Amino acid sequence: MNKQPMNHHDLSDAEKQMRDVLRSSELELDSSTVQQLANARSEALKSATKRYTPRFFMPVTGMALASVIALVLVLSPNLQDNQTVPVGQDEILLSEGIDLYEDMDFYYWLASEQSHLNG
Amino acid sequence: MLERSSSLELQSLDQFLASVERRAFSIARSSLGNREDALDVVQEAMTQLVARYGNKTPDEWRPLFYRILQSRINDLHRRHKVQNKVKGWLNRFRDKDDGSEIEEDPFQNVPGPNATAPHHQHETGRQMQVLQSALTTLPARQKQAFILRCWEGFSTAETATIMKCSEGSVKTHYSRAIHSLRATLGEHWHE
């Protein structure tokens, strides 16, 4: 693309006259407008310190966050269903141990009978 | 070091905005026909340039600034169209004018420090008024091409970028605008 600035010699007399009238009107601004423009400039420069976030940033972030939460909620019950809880050997031994203690009288009786027979 | 470069950048931005603010306001007022709207649009364009393009090189600021300004002007035109439709619809149900008037502050119209001599001001004001009313008769795209090419002095390529169209379209819009203005101003304009 040609980035040459416009050559004002290309303008016709009528165009030049129009341009001069338009440009001279810029100098006729009243003091109140000039002051308001200076205030507007000052306000704009203050915004330079603030970080710019595009308009679409908030909705997009919200959607992404909602999708992640939905994904976690949908997948988490499946994870629980597929889980196999390992049973420890101690627990098996413990359940067998309880039976052993419950039948202790029988084992004492058996042992005494045996010793009696052996005699 | 970072703070120093940022301070220099702000200084450059301040200088740039100060150099374009009067013209930007005059263009916006000419396009919108309203002082308050023009001030709002210029402030929005300044804020957006600083916030989004402050880190660009100063050479890039001018076309970017006018691109934002034109975009804001177009947005406001669209908004006004909708508002006018709603107002027109609502006015059917309202009572007619109640005769109340808003008093103007006389100090609002005091000329600024760069104002020209009264007789020259009067002549320029008359010519501006004639040109302004001729400009209002132009279609939006032709007016935009004329303002950017003739008033602001952008090249055809720069104008095309700002207007988001081809250079050929800019040439067509501009040529038609000049033709219409010359035809309208012919009897009022002394060459």
Consider A:Lys16 carefully, then state whether it is among the basic types (Lys, Arg), surrounded by 13 or more Cβ atoms within 10 Å (Cβ to Cβ) and modelled with pLDDT under 90. yes
So B:Leu181 clears everything in (1) buried (at least 20 other Cβ atoms within 10 Å of the Cβ); (2) under 14 Å from B:Pro63 (Cβ atoms) except one condition, right? Which one? (2)
Filter region B:45-66 for residues that are touching a residue at least 24 places away in the same chain (Cβ under 8 Å) and either more than 9 Å from chain A (Cβ to nearest Cβ) or on the phi > 0 side of the Ramachandran plot (or both); the one that is nearest to the chain's Cα centre (by Cα) is B:Tyr66
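Where in region B:113-191 are there helices (runs of 4 or more DSSP H), lying wholly inside it, with at least 2 residues that are at the interface with chain A (Cβ under 9 Å from one of its Cβ atoms) and at pLDDT 90 or above? I'd like the intermediate steps shown before the answer.
Numbers: elements: B:118-136, B:140-146, B:156-163, B:167-185.
The qualifying helices (runs of 4 or more DSSP H) are B:156-163, B:167-185.
The values are calculated or read from the model by the stated rules, or taken from the named source; none is laboratory data. Just so it is clear, the structure is predicted and the values come from calculations on it, not from any experiment. Cβ atoms come from the backbone with ideal geometry, glycine included; neighbour counts cover every protein chain shown.
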